[in-house]
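Presented below is the structure to which this report refers.
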Amino acid sequence: MTAAFNYFNHTVQDMGSGVMDLATDTLMFMLTNTLPVATNHVYSDISGTELANGNGYTTGGGVVPSTSYTLSSSTSTLAASAFTWTSGPGNMGPFRYVVAYDGTPATKTLLGWWDYGSSLTLLGASGQQFIASPNGSLLFTVTHA
């Protein structure tokens, strides 16, 4: 299932001002069933809507295993490997949105989110998996002058 990436309003500014260092910082994915608000800025703005801890999900989400950030004179590109959640022993969910954030700064700056179109619940008894790889390995590209 493919989902479009939605930036938080401050993302590009935070990338340019050095609030985030996507070349070295830790990228995180978290799950929520509540539509993020584009004006949210940091993890604490949305942590209250995060999926509950347990049944295969850990509060704060998961650390993306590997990332690659490329900056040129005209584009900034962030690629990442997939992150997998496995349900169990009970059901995990529901969730509809995967939120990406920079886990390194104390404020945990939000990057953006993907909308999967409808709520999903992973069945714990069967150990169902959800793989967060929203656009393959390419998370986003920002074009700048």
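Bear in mind that the values in this text are calculations on the coordinates, not laboratory data. Fair warning: this is a prediction, and the values are worked out from it, not measured in the lab. Backbone-built Cβ (ideal geometry, glycine too); neighbour counts: all protein chains shown.
The percentage of C-alpha pairs in the chain whose separation is greater than 24 Å is 27%. Relative to the Cα centre, the charge distribution of the chain, modelled as +1 at Lys and Arg Cβ and -1 at Asp and Glu Cβ, gives a dipole magnitude of about 240 debye. Restricting attention to the chain, close to 95% of DSSP beta bridges with both partner residues there are antiparallel.
Could you give the length gained on full extension between residue 66 and residue 9, defined as 0.36 nm per residue of separation minus the Cα-Cα distance, in nm? Mind showing how you got there, number by number?
On the way: separation 57, 0.36 × 57 = 20.52 nm, distance 2.50 nm.
Length gained, residue 66 through residue 9: 18.0 nm.
Considering only 47, 74, 17, the mean-square fluctuation computed in a Gaussian network model of the chain, springs between alpha carbons under 10 angstrom, is largest for 74.
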